[in-house]
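Peer 1: Structure below; questions to follow.
The values are calculated or read from the model by the stated rules, or taken from the named source; none is laboratory data. Model, not experiment: these values are computed from the prediction. Here the Cβ positions follow ideal geometry from the backbone for every residue, glycine too, while neighbour counts run over all protein chains shown.
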Amino acid sequence: MRVFLYARVSKALDQNPENQLRELRQWAEAGRHEVVNTFVDEISSRDTRPGKEECLRRLRLGEAEAVAVVALDRWGRNMSELVLNFEDFVNNGIGLISLKEGINLNTATGKLHAHILGAFADFERERIRERTNAGLARARAQGKKLGRPKGAKDKKKRKAKKPPLQKWTPYAGN
């Protein structure tokens, strides 16, 4: 199978991607997978992940059949992001392999795992909505006025926060 390898580390914590990459290369070699490219995000920001975006773009172009990661938390920061990616991958015939969790979206079992994780994510979103609505109802019952106070319109325009620029270069560790 033709695969991409993806690793993510925190620049703020001065982490090194080599441990993840070594594990991924060993997995690829043991399974006789062809590593087409390696993508690494060494970032401190939550805003952008240029390596992941480039990996996704090239997966959609069909340059590889799957992407392999050491653990799901390296690919996605939260369950909703993972579920969206799972759905996109399954619908487009792209595989995601997570070594730690043993998930491989190319298999029936892997797809089942993805659906189970998706069900838990939906459940959690619904629970958050229920708690939010209950809190709003309690506040209204106590006579609290919700929303923006009258006359609170901002007179000046707010500046939009720009994400810090992240330079992405292909990882040459292959």
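For (1) of a type outside the set (A, V, I, L, M); (2) out of contact with any Phe, Trp or Tyr (no Cβ under 7 Å at 6 or more places or on another chain); (3) over 16 Å from LEU99 (Cα atoms), each residue gets a yes or a no:
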{"position": "ALA30", "(1), (2), (3)": "no, yes, no"}
{"position": "VAL40", "(1), (2), (3)": "no, no, yes"}
{"position": "GLU63", "(1), (2), (3)": "yes, yes, yes"}
{"position": "VAL69", "(1), (2), (3)": "no, no, no"}
{"position": "ASP73", "(1), (2), (3)": "yes, yes, no"}
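Each row is one residue, and each column tells you yes or no for (1) part of a loop (DSSP other than H, G, I, E, B); (2) over 29 Å from ILE128 (Cβ atoms).
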site	(1), (2)
ALA7	no, yes
THR48	yes, no
LYS52	no, no
VAL90	no, no
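Peer 1: While we're here: With respect to the numbered conditions (1) assigned to a helix (DSSP H, G or I); (2) over 23 Å from VAL9 (Cα atoms); (3) touching a residue at least 60 places away in the same chain (Cβ under 8 Å), which one is the sole condition not fulfilled by THR109?
Peer 2: Condition not satisfied by THR109: (3).
Peer 1: With respect to LYS100, is the statement that it is in a loop (DSSP other than H, G, I, E, B), at pLDDT 85 or above and within 31 Å of the chain's Cα centre (by Cα) true? Spell out the reasoning first.
Peer 2: Numbers: in a loop (DSSP other than H, G, I, E, B): yes; at pLDDT 85 or above: yes; within 31 Å of the chain's Cα centre (by Cα): yes.
Yes, satisfied.
Peer 1: State all residues of the range 54-75 that are touching a residue at least 60 places away in the same chain (Cβ under 8 Å) and among the charged types (D, E, K, R); if no residue qualifies, say none. Give the derivation first.
Peer 2: Let us first name the residues in the range 54-75 that are touching a residue at least 60 places away in the same chain (Cβ under 8 Å), namely 54, 63-70, 74-75.
Answer for the range 54-75, where residues must be touching a residue at least 60 places away in the same chain (Cβ under 8 Å) and among the charged types (D, E, K, R): GLU54, GLU63, GLU65, ARG74.
Peer 1: Same structure again: Tell me which residues, restricted to the range 126-164, are β-branched (Val, Ile, Thr) and either modelled with pLDDT under 85 or closer than 28 Å to THR48 by Cβ (or both). Explain how you work it out, then say what you get.
Peer 2: Of the range 126-164, the ones β-branched (Val, Ile, Thr) are 128, 132.
Answer for the range 126-164, where residues must be β-branched (Val, Ile, Thr) and either modelled with pLDDT under 85 or closer than 28 Å to THR48 by Cβ (or both): just ILE128.
Peer 1: So, one more: Residue under question is GLU29, and the condition is that it be out of contact with any strand residue (DSSP E or B) (no Cβ under 6 Å at 6 or more places or on another chain), loosely packed, with under 15 Cβ neighbours inside 10 Å and in contact (Cβ under 8 Å) with a residue 60 or more places away in the chain; does it hold?
Peer 2: Values: out of contact with any strand residue (DSSP E or B) (no Cβ under 6 Å at 6 or more places or on another chain): yes; loosely packed, with under 15 Cβ neighbours inside 10 Å: yes; in contact (Cβ under 8 Å) with a residue 60 or more places away in the chain: no.
Taking the combined requirement at face value, the residue does not satisfy it.
Peer 1: Those residues that are of a type in the set (Lys, Arg), surrounded by 15 or more Cβ atoms within 10 Å (Cβ to Cβ) and more than 12 Å from the chain's Cα centre (by Cα), I need them from the range 57-97; list them, please.
Peer 2: The initial filter retains those residues of the range 57-97 that are of a type in the set (Lys, Arg), namely 57-58, 60, 74, 77.
Filter once more, keeping what is surrounded by 15 or more Cβ atoms within 10 Å (Cβ to Cβ): 58, 74.
Residue satisfying the conditions is ARG58 alone.
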